[in-house]
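*Asks:* So that we are looking at the same thing, I have put the structure below in structure tokens.
The values are calculated or read from the model by the stated rules, or taken from the named source; none is laboratory data. Quick caveat, the model's predicted, so the values are computed rather than measured. Don't worry about glycine lacking a Cβ; one is built from the backbone with ideal geometry, like all the others, and counts go over all protein chains shown.
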Amino acid sequence: MMPDPIQTALERLEILGRISDDPSRLVRTFLSPANRVAAETVGAWMEAAGMETSHAADGTIRGILPGTDPTAKPLLLGSHLDTVIDAGKYDGALGIIAALAAIESLPEPPAHPIHLLGFSDEEGVRFHTTYLGSRSVTGPLDAETLATPDASGRSIAEAIEKEGWHEGATTIHYEPRSTCGYVELHIEQGRVLEEAGEPACVVSAISGQARVTVSLDGLADHAGTTPMPLRRDALGGAAACILEAEAIACADPPLVITVGSISIHPGASNCIPGSARFTIDLRHPGDERRLHHLTALEEKFAAIATERGLGFHWKLVQDDPSAPCDPALTDALLEALESVSGSRRSMPSGAGHDAVALSKLGPIAMLFLRCREGLSHHPDEFASPEDIATGIHILTRFLARL
Ligand code: GLV
Ligand code: MN
Ligand code: MN
């Protein structure tokens, strides 16, 4: 008897959820050993499904299912293999596994070739710059991006050269308009579907997001002998900046600003912090508001630094405008959604997705699945087997009618 693709998908999610760089929690980052094992594992599953596989040196894996129409452009499906630190097992992995199950469920070979992509980086954990895997299939990363350092000072270019999956690697690249689009299934990572009592919906657009690295430089000095008015405490300045960012975001919903990482030097209890470096992640569905707040935040931080006698450096690492989903491709997904779940719900996404990078090539569409309490980027992230089955049915119907 043929294995049931949905049961197989659920088992595969568990397997991927155990492939981690850290035995005590789920973490797979760009070019890490676990990310490579995850790509190899997915590649073997793609081959078992009759796909021809290839991989890029940065660890992105691709499976190709040929179409019956030799003139048809390929349809791209996919999501990311990498995770945040102490992640749940659904963010990213589910999109790849569900797409594979939908391919395995097709009653007959598709007219269009289907290319399934497992991207090496969407989260941007290691280099604080997102979509490295998905951006790379739209063209080479630019020199400035390739020079971005990780916490140890190693650049992206150097990391790919020294840590990449070079054996048998090929360039995975698509020209604009060379595909008929990109479709991604992902957990919602919010509570709208749970509150509506619906398993799935389509996405109308993905919010724009900017990522910035901020450095403040003061003077490391003796904690016992330096009077308070004479200090140039970089961490004190960072704290003032962080609270300012929070106040700005609270005053203009749906703006969201997050400081998710901070490091200080020298980092000893009896030393005044001489330098502080922290990240900013700023998102808004409106491009004009995003840019307005980005400028306002830089001005506020500069003023705080001046007031406290601190050196200030602001580096914009990434700035993506919001990405609208394509009406025609989304309509086809909506038809499949309605026929399986009876709903025609659509919502914007506050989370970033590989679809943003792929929008450079052509139309994009996304399907969201309900997740428990909207929780994500957390080990308790959960989507029910029933909802996953619904998502696979929707994708299968979408592919079968393409
Ligand atoms: C990806 O999960 C992001 O939106 O940060
Ligand atoms: Mn994701
Ligand atoms: Mn994520």
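*Asks:* Pick from V214, V192, V183: which is modelled with pLDDT of 95 or more and outside the structural domain of L77 (by TED's automatic domain parsing)?
*Replies:* Matching residue, one of V214, V192, V183: V214.
*Asks:* Quick one: would you say G50 is of a type in the set (G, A, S), assigned by TED's automatic domain parsing to the domain that holds I388, modelled with pLDDT of 95 or more and within 14 Å of ligand 2 (Cβ to nearest atom)? Explain how you work it out, then say what you get.
*Replies:* Details: of a type in the set (G, A, S): yes; assigned by TED's automatic domain parsing to the domain that holds I388: yes; modelled with pLDDT of 95 or more: yes; within 14 Å of ligand 2 (Cβ to nearest atom): no.
In short, no.
*Asks:* Separate question: When you scan region 101-115, do you find a residue that is at pLDDT 95 or above and either touching a Cys at 6+ places or on another chain (Cβ under 8 Å) or within 12 Å of ligand 2 (Cβ to nearest atom) (or both), even just one?
*Replies:* yes
*Asks:* Just one of I96, I64 is more than 25 Å from A157 (Cα to Cα), within 13 Å of ligand 2 (Cβ to nearest atom) and among the β-branched types (V, I, T); which is it?
*Replies:* Just a single option satisfies the conditions, and that option is I96.
*Asks:* Of these, S343, S339, which one is crowded, with 17+ Cβ neighbours inside 10 Å and not hydrophobic (A, V, I, L, M, F, W, C)?
*Replies:* After ruling out the rest, the residue left standing is S343.
*Asks:* Say we look at region 176-199 and pick out the residues that are within 16 Å of ligand 3 (Cβ to nearest atom) and among the aliphatic types (A, V, I, L, M); which of these is farthest from I64 (Cα to Cα)?
*Replies:* Looking at the filtered set, the residue picked out is I187.
*Asks:* All but one of (1) of a type in the set (D, E); (2) away from ligand 2 (no atom under 16 Å from the Cβ); (3) touching a residue at least 12 places away in the same chain (Cβ under 8 Å) hold for E307, so report the exception by its number.
*Replies:* Unmet for E307, out of (1) of a type in the set (D, E); (2) away from ligand 2 (no atom under 16 Å from the Cβ); (3) touching a residue at least 12 places away in the same chain (Cβ under 8 Å): (3).
*Asks:* Looking at region 353-363, can you tell me whether even one residue there is away from ligand 3 (no atom under 12 Å from the Cβ), over 17 Å from L116 (Cα atoms) and at pLDDT 95 or above?
*Replies:* Yes: one or more hits.
*Asks:* Check S261, S269 and return the single one that is touching a Ser or Thr at 6+ places or on another chain (Cβ under 7 Å) and hydroxyl-bearing (S, T, Y).
*Replies:* Numbers: S269 fails: touching a Ser or Thr at 6+ places or on another chain (Cβ under 7 Å).
Just a single option satisfies the conditions, and that option is S261.
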